[in-house]
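*Asks:* Structure in structure tokens, see below.
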Amino acid sequence: MRSKTLRVMFLGDLAGPPGLAMFERWAPRLKEKHKIDMLVVNGENTAKNGRGISPEIVEQLQAAGAHVITSGNHVWANKKIYSLIDESKVLIRPANYPAGCPGKGYSIVEAGVSGVSVAVVNIQGRVFMHEDLDCPFRTIESLLTFLKSKTKLIFVEFHAEATSEKQAMRFFLDGKVTGLYCSHTHVQTADEMILPSGTSYITDLGFSGARYSALGVQSEIILERFLTQMPVLFKVEKKGPMVMNGIWAEVDVETGKTLHIERVNVIDGELVVE
Ligand SMILES: [Fe+2]
Ligand SMILES: [Fe+2]
């Protein structure tokens, strides 16, 4: 039975060193517990200051079990990844950045015991974000024509701010992809579901990092910004307890539809991050 199904796990944005430490500590355990065949994690905030990702961190995430690393608006913060992202099969950026941007918006990997091909696509929203990006709806529509010739298993991570845009994408992609999981807000939603035509969905995967923080950043800093409207320097919160959020899903390899989806929500009061 298991040979005809595949299990995937998608984890939301890792916020700075605590997010990275949570991934290294918990991803291997969860992978084993749920018998996960393919692990995808959003790495756009993994740098020390929470902005961007370095080539060293890409290697660290791979060593801890990541098959694909997705990203979003913060992926350009560290210029050292510009050349790496061009060649990488592991690190992807939203597909709807204009032509000429380094990197690409999807990766096709072999997963599971029988080495089935799985496509992971990253797209980014425009509402309350970069309005000048190419249309995420048109972009994914044309990409799907190509990806469907390669595999029935297509997963989309939609990095977007507005729930309206995410829910519109939900109706646009139901039955066209295996899973649509959204990221960027760093707050996990409790609406994981299998849609009428078999696509699994969640409005936000959530994040990994300090539980009592403002999306991973020290709360006092963010409060100061709201109270004074002055520019502030973001510092990643390193005090625990820490959390790790995402989903895992079991999918049918023959039909490309989801059979089961479940939220991942780990709380760790013991992890100490220097
Ligand atoms: Fe983020
Ligand atoms: Fe983001």
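Just so it is clear, none of the values below were taken in a lab; they were calculated from the coordinates. Please read these numbers as outputs of a predicted model, since none were measured by experiment. Because the Cβ atoms are built from the backbone with ideal geometry, glycine has one as well, and the counts that use them run over all protein chains shown.
*Asks:* Restricting to Cα pairs below 8 Å that are 6+ residues apart, what does the relative contact order work out to for the chain? Please round to a whole percent.
*Replies:* Relative contact order for the chain comes out at 20 percent.
*Asks:* Okay, next question. Please find the FRET efficiency linking F172 to I221, where r is the Cβ-Cβ separation and R0 is fixed at 45 Å, and quote it to the nearest 0.05.
*Replies:* Efficiency for this residue pair is about 0.75.
*Asks:* Also, I was wondering about something else. Kirkwood hydrodynamic radius, computed over distinct alpha-carbon pairs, for segment 171-245: how many Å, to one decimal?
*Replies:* Taking the inverse mean of 1/r over all distinct Cα pairs, segment 171-245 comes out at 14.3 Å.
*Asks:* Quick one: putting +1 on the C-beta of Lys and Arg, -1 on the C-beta of Asp and Glu, what dipole do you get for segment 121-268 around its Cα centre, in Debye to the nearest 20?
*Replies:* Values: 15 positive and 19 negative charges, 35 e Å.
Once rounded to the nearest 20, the dipole reads 160 debye.
*Asks:* Tell me the net charge near G52. Cut-off is 13 Å between Cβ atoms, G52 excluded, with +1 for each Lys or Arg and -1 for each Asp or Glu.
*Replies:* On the way: positive: K48, R51, K79, K80, R93; negative: D13, E44, E56.
Net of charged neighbours comes to +2.
*Asks:* Can you tell me the Rg and Dmax of segment 13-129, counting just the alpha carbons, in angstroms?
*Replies:* Values for segment 13-129 (Cα only, Rg and Dmax): 14.0, 42 Å.
*Asks:* A further question follows. As a test of the formula, what do you get for the chain when each DSSP H run with n ≥ 4 contributes -39,500 (n - 2.57) and the sum is divided by the residue count, at 222 nm and rounded to the nearest 500 deg cm²/dmol?
*Replies:* After summing the helix terms and dividing by the residues of the chain, the value is -7500 deg cm²/dmol.
*Asks:* Once you place label points 7 Å from the Cα toward the Cβ at T163 and A99, how far apart are they in nm?
*Replies:* 3.8
*Asks:* Using Cα centres only, tell me the gap between segment 132-148 and segment 2-29 in whole Å.
*Replies:* Using only Cα atoms, the two centres lie 26 Å from each other.
*Asks:* Right, here's the next one. If you only keep lysine pairs separated by 8 or more in sequence, or across chains, how many in segment 144-274 come under 29 Å at the Cα atoms?
*Replies:* 13
*Asks:* Can you tell me the dipole magnitude for the chain around its Cα centre, using point charges on the Cβ only (Lys, Arg +1; Asp, Glu -1), in Debye to the nearest 20?
*Replies:* 360
*Asks:* Another question about this same structure. To make sure I understand the rule: partners must be aspartates and glutamates, Cα under 17 Å from the Cα of K79, and not fewer than 8 residues away in the same chain. Which ones qualify?
*Replies:* E44, E56, E59, E87
*Asks:* Let me ask another. Tilt of helix 16-33 relative to the longest C-alpha principal axis of the chain, in degrees (0 to 90, nearest 10)?
*Replies:* Orientation of helix 16-33: about 30 degrees from the principal axis.
*Asks:* Let me ask you something else. Using modelled amide H (1.01 Å from N, peptide plane; none on Pro or chain starts), what sits under 5 Å from the amide H of D37, excluding residues fewer than 5 places away?
*Replies:* R7, V8
*Asks:* Please compute the Kirkwood hydrodynamic radius of segment 80-237 from all pairs of different C-alpha atoms, in Å with one decimal.
*Replies:* Final number for the Kirkwood radius of segment 80-237 is 17.2 Å.
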